[in-house]
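Written out below as structure tokens is the structure these notes cover.
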Amino acid sequence: MAWPDTVRRVSNDADALVEAFHAQTDRRPAGVWAAPGRVNLIGEHTDYNDGYVMPFALAQRVLIAAAPRQDGSWSVTSLNNHSTETFESADLQPGMTGWQAYVAGVVWALEEAGHRLGGADLVLSSDVPVGAGLSSSAALECAVLTALADLNDLDIAGLERAKLARRSENAFVGAPTGLMDQAASTLCTAGNALFFDCRTTEAEQVRFDTSSAGLEILVLDTKTPHALVDSEYAARRASCEEAARLLGVPALRDVSDVDTALQQLPDPVIQRRVRHVVTENARVLEAVSVLRAGRIADLAPLLDASHASMRDDFEITVPPVDLAVEVARGSGALGARMTGGGFGGCIIALVPAGEAERIGREIAKSFATAGYGPPVHFTAVPSAGAQRLQ
Ligand code: ADP
Ligand code: MG
């Protein structure tokens with residue numbers, strides 16, 4: 001796929017975007033808005049089990065310059081794929097295809113919720129890697145939603161915004177995702193991770209100041225094509241639902257004692273799936289305690305255990321991902337794990353400050369030796385959620 005690379009070359013600068021807006025529409029935008037991608041620190045495949053997750057927002061984000069339009073239609077330009085699309089109220093039908101569905105879906109979800117919207121010109125650019133599990137889609141939705149809410153003077157609370165953005169992705173685009181991505185892109189604050197309860201939708205900011213601990217977070221995109229992701233995701237979800245039914249609980253979040261639960265389950269595969277979900281939920285709670293106490297280095301064994309659980313019990317890792325985690329640890333990372341739904345995508349590693357670059361290069365070397373394509377890495381800084389910039 002060509003344009004995930006293109007995405008990285010586009011400037012992430014608000015002033016440059018204002019210029020691009022001017023070139024496109026011959027007028028100044030009414031404002032510039034931003035919403036970030038995210039990485040999940042810990043809590044994988046816990047969301048649809050009514051459990052806990054702990055993402056933080058990335059510095060990589062979608063920027064949108066926007067201004068009202070008088071003819072009631074919407075025109076949106078992505079500088080990433082050099083494409084302009086226009087749609088009107090009558091075109092807002094769930095199932096719309098193409099990248100513009102992520103934008104139209106937000107208009108649709110807002111209107112469906114009873115908000116009245118005027119038309120708008122939107123020009124956007126993004127440096128969130130696309131299709132890497134860092135949620136470029138939620139960043140796009142949340143940026144559009146924030147811009148349209150302001151342009152139309154809509155008073156919508158943060159969590160409600162996240163829910164509307166999720167609804168647009170589920171019901172309009174047709175991607176069955178949980179609430180984590182949009183909650184992270186909307187609710188995260190700089191310097192914090194977001195402890196999010198997927199059942200109650202309670203959210204807590206947890207201080208995550210890696211630099212004060214002499215540490216940093218390396219994110220490495222293995223660039224592995226995740227071919228199996230849809231079917232395997234559905235299979236894992238079905239196993240979890242089946243297990244909850246067999247155990248007589250509303251969701252696996254409600255399993256308090258893992259050993260007792262395992263004894264009640266006859267099938268070894270289902271046992272492993274349950275063990276991952278229950279122990280992963282416990283690891284999120286442990287990670288929250290560790291961060292609240294400012295003991296950031298103590299996250300490392302939790303990251304390692306999370307990876308082992310995804311590899312051995314949930315069986316959602318693939319060889320390049322396992323290699324990246326192994327080499328990260330062997331090159332000085334304190335702990336590392338795959339992040340995201342699995343079968344490819346990114347790893348995160350907790351590394352000594354200043355070491356991310358070197359460790360990223362070590363992993364790239366091991367990929368070349370193994371015959372895998374080159375991975376891409378960066379240092380992740382816990383950043384702000386969706387906001388108006390100008
Ligand atoms: P992820 O959210 O993990 O990056 P998804 O498959 O959920 O991957 O979403 C990626 C899709 O979102 C892209 O294929 C494209 O349709 C849309 N998208 C994301 N960012 C942009 C952008 N800057 N411009 C246009 N479309 C985008
Ligand atoms: Mg997505």
I'd like the full set of residues that are among the charged types (D, E, K, R), out of contact with any Cys (no Cβ under 7 Å at 6 or more places or on another chain) and in a loop (DSSP other than H, G, I, E, B), limited to the stretch 40-84. Glu44, Asp71
Residues of the stretch 178-191 being of a type in the set (Ser, Thr, Tyr) and either within 13 Å of ligand 2 (Cβ to nearest atom) or not assigned by TED's automatic domain parsing to the domain that holds Leu164 (or both), in sequence order, are Ser185
Taking the options Ala165, Ala138, Ala175, Ala157, name whichever one is within 12 Å of ligand 2 (Cβ to nearest atom) and surrounded by fewer than 19 Cβ atoms within 10 Å (Cβ to Cβ). Ala175
Quick check: anything in the stretch 104-112 within 16 Å of ligand 1 (Cβ to nearest atom) and not in a helix (DSSP H, G or I)? no
Any residue that is among the acidic types (Asp, Glu) and within 16 Å of ligand 2 (Cβ to nearest atom) - is there at least one of those in the stretch 119-132? yes
Which numbered condition Leu117 fails, given (1) within 25 Å of Ala384 (Cα to Cα); (2) touching a helix residue (DSSP H, G or I) at 6+ places or on another chain (Cβ under 7 Å): (1)
Identify, from the list Ala59, Ala20, the residue that is over 30 Å from Leu350 (Cβ atoms) and of a type outside the set (Val, Ile, Thr). Ala20
When the stretch 130-170 is examined, which residues are found to be more than 14 Å from the chain's Cα centre (by Cα), within 16 Å of ligand 1 (Cβ to nearest atom) and over 22 Å from Pro68 (Cβ atoms)? Arg167, Asn170
With respect to Arg236, is the statement that it is surrounded by 19 or more Cβ atoms within 10 Å (Cβ to Cβ) and closer than 22 Å to Pro55 by Cβ true? yes
Selection within the stretch 79-114 - within 16 Å of ligand 2 (Cβ to nearest atom), among the β-branched types (Val, Ile, Thr) and touching a residue at least 24 places away in the same chain (Cβ under 8 Å): Val103, Val106
Could you list, ordered by first residue, the pairs with Cβ atoms under 8 Å in which the first is in the stretch 160-189 and touching a residue at least 40 places away in the same chain (Cβ under 8 Å) and closer than 15 Å to Gly341 by Cβ and the second is surrounded by fewer than 23 Cβ atoms within 10 Å (Cβ to Cβ) and charged (D, E, K, R), at least 6 apart or interchain? Gly178/Asp47; Leu179/Asp47; Leu179/Lys163; Met180/Asp47
Would you point out which residue out of Ala297, Ala287 is crowded, with 17+ Cβ neighbours inside 10 Å and more than 17 Å from Asp313 (Cβ to Cβ)? Ala287
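So, in the stretch 171-200, exactly how many residues are within 12 Å of ligand 1 (Cβ to nearest atom) and within 15 Å of the chain's Cα centre (by Cα)?
8
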Determine if the stretch 217-229 includes at least one residue that is assigned to a helix (DSSP H, G or I), among the charged types (D, E, K, R) and outside the structural domain of Thr46 (by TED's automatic domain parsing). no
Can we say Ala353 is touching a Gly at 6+ places or on another chain (Cβ under 7 Å), at pLDDT 95 or above, small (Gly, Ala, Ser) and surrounded by fewer than 19 Cβ atoms within 10 Å (Cβ to Cβ)? yes
So which of Gly31, Gly95, Gly72, Gly118 is farther than 30 Å from Glu202 by Cβ and modelled with pLDDT under 95? Gly95
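The values are calculated or read from the model by the stated rules, or taken from the named source; none is laboratory data. None of the values given here were measured: they were computed from a predicted structure. Virtual Cβ from ideal backbone geometry, glycine too; neighbours counted across all protein chains shown.
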